[in-house]
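One structure is given here, and the rest of the page talks about it.
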Amino acid sequence: MKDFEEALEIILVVEGGFVNDPDDRGGATNMGVTQGTYDAWLTAKGQTTSPVRNITNEEVAAIYKERYWDAVGADTLPWPVSLVMFDMAVNHGVGGANRILQDALQVETDGIVGPITRGEMMHTRPDSLANEVLWSRVEKYRRLSVGTQKKFLPGWLWRVAHLRRSAGLEGQIDQVIADE
């Protein structure tokens, strides 16, 4: 099974550095960590808040491990499902990632991965499940790309394509993304 360090390296490629786009609902973000997430993490550690522009690589790795990788139970998931779930948790929050997974599995979308969701996961090949989840994600991005958010659609779709390449997945989704 692939591990956190490899997944983190893949995800940081798409997250980039510091941005503070007024149209980005996340606000000031550095390496994918929003100012709000950074403040909450520092406060939970008993530290003083600091501008996210100053976040260190070590802090980014710790936040990603604690708040996203561990929170979706990625260590218990087969590759590439672990990679896809981890990335979705970073981009959509843990509950959002779980709902996208449940949508792909066609089970109740309550955002909680319980016995029904896990049972369906056990009956699906990991590469097929990762493809289905990524397809659901493309559909979510399309629904989100209205108004000021429309300008982010190419980057969101590139993110999905990057995950597919990194996970060694192939299929029709690549053409759909290319056509956008």
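Taken together, the values in this text are just the output of simple stated rules run on the coordinates, not laboratory data. Keep in mind it's a predicted model, so treat the numbers as computed, not measured. All Cβ positions, even for glycine, are placed from backbone atoms using ideal geometry, and neighbour counts span all protein chains on display.
A few notes on this one:
- Projecting the Cα atoms of 78, 153, 22 onto the charge dipole of the chain, computed from C-beta unit charges around the Cα centre, puts 22 farthest toward the positive end.
- Axis angle, to the nearest 10 degrees, between helix 81-105 and the longest C-alpha principal axis of the chain: 30 degrees.
- In the chain, the longest principal axis of the Cα atoms and the axis of helix 4-15 are about 80 degrees apart.
- Ranked from largest, the principal axis spans of the Cα set of the stretch 97-174 equal 38, 28, 16 Å.
- In a reduced charge model with +1 at each Lys and Arg Cβ and -1 at each Asp and Glu Cβ, the stretch 4-179 shows a dipole moment near 400 debye about its Cα centre.
- Positive contributions from Lys and Arg (+1) and negative ones from Asp and Glu (-1), summed over other residues with Cβ under 10 Å from the Cβ of residue 41, come out at -1.
- Residue 116-residue 165 pseudo-label distance in nm [points 7 Å out on the Cα-to-Cβ vector]: 3.9 nm
- Near residue 114: Cβ cut-off under 12 Å, other residues only, Lys/Arg at +1 and Asp/Glu at -1. The net charge is -2.
- Over the chain, relative contact order from alpha-carbon pairs under 8 Å, at least 6 apart, %: 16 percent
- FRET efficiency estimate (nearest 0.05) - Cβ-Cβ, residue 144 to residue 62, R0 22 angstrom: 0.15
- For residue 45 and residue 6, a Förster radius of 25 Å and the Cβ-Cβ distance give a FRET efficiency of 0.45, rounded to the nearest 0.05.
- Crossing angle, helix 126-144 versus the chain [Cα axis fit, 0-90 degrees, rounded to tens]: 60 degrees
- Here the chain is described by how far its Cα atoms reach on the three principal axes: 46, 35, 29 Å, from widest to narrowest.
- Local charge for residue 29 was computed over the other residues whose Cβ lies under 13 Å away, with Lys and Arg +1 and Asp and Glu -1, and equals -3.
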